[in-house]
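Everything below concerns the one structure shown next.
The values are calculated or read from the model by the stated rules, or taken from the named source; none is laboratory data. Given the structure is predicted, the values throughout are model-derived calculations rather than measurements. Here the Cβ positions follow ideal geometry from the backbone for every residue, glycine too, while neighbour counts run over all protein chains shown.
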Amino acid sequence: MKQKDKKKTNRWVGKMKNVHLPDPEILDEIKEQAKFKTARISTKASQSYKEGLKLVQGRIMEIKSNYRYIVEINGELHNAKMSGRLKQFLYSSHKIAAVGDYVAVDVAIVSDKRIEKILPRKNALIRYGTGSFQKEIILAANIDQVIITSSWLKPRLKAGLIDRYLCIVALQGLQPIIVINKIDLLDDEQELESQTAYYKAMGYPLLYTSVVSGTGMNELKELLVNKDSVFTGHSGTGKTSLINYLEPSLDLPTAEISNYNEKGKHTTSQSILIPWSFGGHLLDTPGIKTITLHSEDKEYIPKIFPGFENLHNKCKFRDCSHIHEENCAVIEAVESGIIPIERYDSYQYLYESL
Ligand SMILES: Nc1nc2c(ncn2[C@@H]2O[C@H](COP(=O)(O)OP(=O)(O)O)[C@@H](O)[C@H]2O)c(=O)[nH]1
Ligand SMILES: [Mg+2]
Ligand SMILES: [Zn+2]
């Protein structure tokens, strides 16, 4: 009896975990008939179900409301609706479209573009809901890289934070680029060198930038061209300033104004992909602030912490935490000076905080 109940609950948890319903109204629309309808429709899904389609590839830039999207087709933005057939098919398979998804759009009727198919995702930027289900919320799909933005001063660079962001980016399966901004405020070159040498040695792309002097801005731009990037990092490090420097027409509000906004209204609550004039896109997503490390991530940290990727499999124990175990390759690397003690301390701090 008890067993049976438990099974039932677990099944629901599994389902809930993968659903992101952008609007609860969707449920009202289709909840009763969804199962019946999709059973019928999914068998048709692979067939040619409609005559006269003219399919072109597009990409979702923004989600406007229930199944209404802004789609980029050949560099131009268009309004598009989800086709009725796909709506129900997706509801049943839990694959609701996300910003960044590549789609097949029917453009046969000029005034009414319809998304007929969502193409497979390369990856997805995910955060977890705070509720007891911790459901997965897809912030965006098919993003290439994360610009981990820190500043030399105001606020002062903390390498421990870079470690933390590098772990998050690795867990999400994305490429990191480390940016140390406000380099015009550099007061101690040796200190900068000692704080960043490790990341350079580990092969991470690392740039020093300043929107005041222009240092590093061309190099940053080169790394962004034809890629889809998202900026993350503590507030005040200059993310908005960097973006405005690269794309002045965006004119996003920086520090002072956005603080004011936080008091009353916040304009964007959804992810948006903004095309760069030089190719590629900027992902603007308020959700990135809430991507953090969870206790469930703890087991992965010993394997993905910056610089440990090629060491952890040389430890005696496969699940070595690199803290108290014997014959630990990480501890040996610290003792021989390959890994600076500051990075190891940072690792220990991060690991034990989870
Ligand atoms: N000195 C200096 N100040 C900067 C630089 N970049 C941004 N700032 C300043 O830092 C503050 C925070 O910048 P903002 O772009 O709003 O940071 P965000 O919170 O990361 O988006 C603003 O007052 C900017 O003028 C820089 O390269 N050098
Ligand atoms: Mg900002
Ligand atoms: Zn170890």
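Annotations for the structure displayed:
- Residue match in the stretch 248-263 (condition: modelled with pLDDT of 90 or more, within 14 Å of ligand 1 (Cβ to nearest atom) and not aromatic (F, W, Y)): yes
- K239 under 22 Å from G280 (Cβ atoms) and within 14 Å of ligand 1 (Cβ to nearest atom): yes
- Some residue of the stretch 173-180 being farther than 21 Å from N310 by Cβ and either in contact (Cβ under 8 Å) with a residue 12 or more places away in the chain or not assigned by TED's automatic domain parsing to the domain that holds Y347 (or both): yes
- Restricting the stretch 294-331 to residues that are in contact with a Cys (Cβ under 7 Å, 6 or more places away or on another chain) and at positive phi, the residue that is nearest to ligand 1 (Cβ to nearest atom): H322
- Number of the condition not met by V225 [criteria: (1) among the aliphatic types (A, V, I, L, M); (2) buried (at least 17 other Cβ atoms within 10 Å of the Cβ); (3) closer than 20 Å to H281 by Cβ]: (2)
- The residue that is farthest from Q348 (Cα to Cα), counting only those in the stretch 286-306 that are in a loop (DSSP other than H, G, I, E, B) and modelled with pLDDT of 95 or more, is P306.
- Residues of the stretch 142-167 satisfying the condition of being basic (K, R) and in contact (Cβ under 8 Å) with a residue 40 or more places away in the chain: K154, R164
- Pick from the stretch 186-222, criterion out of contact with any Phe, Trp or Tyr (no Cβ under 6 Å at 6 or more places or on another chain) and of a type in the set (G, A, S), ranking: surrounded by the fewest Cβ atoms within 10 Å (Cβ to Cβ): G203
- Residue check for V146: crowded, with 20+ Cβ neighbours inside 10 Å and touching a Leu at 6+ places or on another chain (Cβ under 6 Å): yes
- Lone unmet requirement of (1) touching an Asp or Glu at 6+ places or on another chain (Cβ under 9 Å); (2) farther than 17 Å from K158 by Cα for H324: (1)
- Total residues in the stretch 192-208 satisfying the condition of being among the aromatic types (F, W, Y) and part of a loop (DSSP other than H, G, I, E, B): the figure is 1.
- Filtering the stretch 334-348 to residues that are surrounded by fewer than 14 Cβ atoms within 10 Å (Cβ to Cβ) and in contact with a helix residue (DSSP H, G or I) (Cβ under 7 Å, 6 or more places away or on another chain) leaves only I341.
- Looking across the stretch 303-312, just one residue is more than 10 Å from ligand 3 (Cβ to nearest atom) and among the aliphatic types (A, V, I, L, M), and that is I304.
- Among the residues listed as S111, S150, S132, the single one being of a type in the set (G, A, S), out of contact with any Lys or Arg (no Cβ under 7 Å at 6 or more places or on another chain) and assigned by TED's automatic domain parsing to the domain that holds L273: S150
- Residues (touching a residue at least 12 places away in the same chain (Cβ under 8 Å) and either part of a loop (DSSP other than H, G, I, E, B) or surrounded by fewer than 14 Cβ atoms within 10 Å (Cβ to Cβ) (or both)) located in the stretch 120-129: R121, K122, N123
- Enumeration of residues in the stretch 135-156 that are within 16 Å of ligand 1 (Cβ to nearest atom) and either farther than 26 Å from H281 by Cα or not aliphatic (A, V, I, L, M) (or both): T149, S150, S151, W152, L153, K154, P155, R156
- Number of residues in the stretch 282-321 that are within 20 Å of A98 (Cα to Cα) and touching a residue at least 60 places away in the same chain (Cβ under 8 Å): the value is 6.
Residue-by-condition table, conditions (1) under 23 Å from G173 (Cβ atoms); (2) near ligand 3 (Cβ under 9 Å from one of its atoms):
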site: K298; (1), (2): yes, no
site: K314; (1), (2): no, yes
site: H324; (1), (2): no, no
site: V330; (1), (2): yes, yes
site: V334; (1), (2): no, no
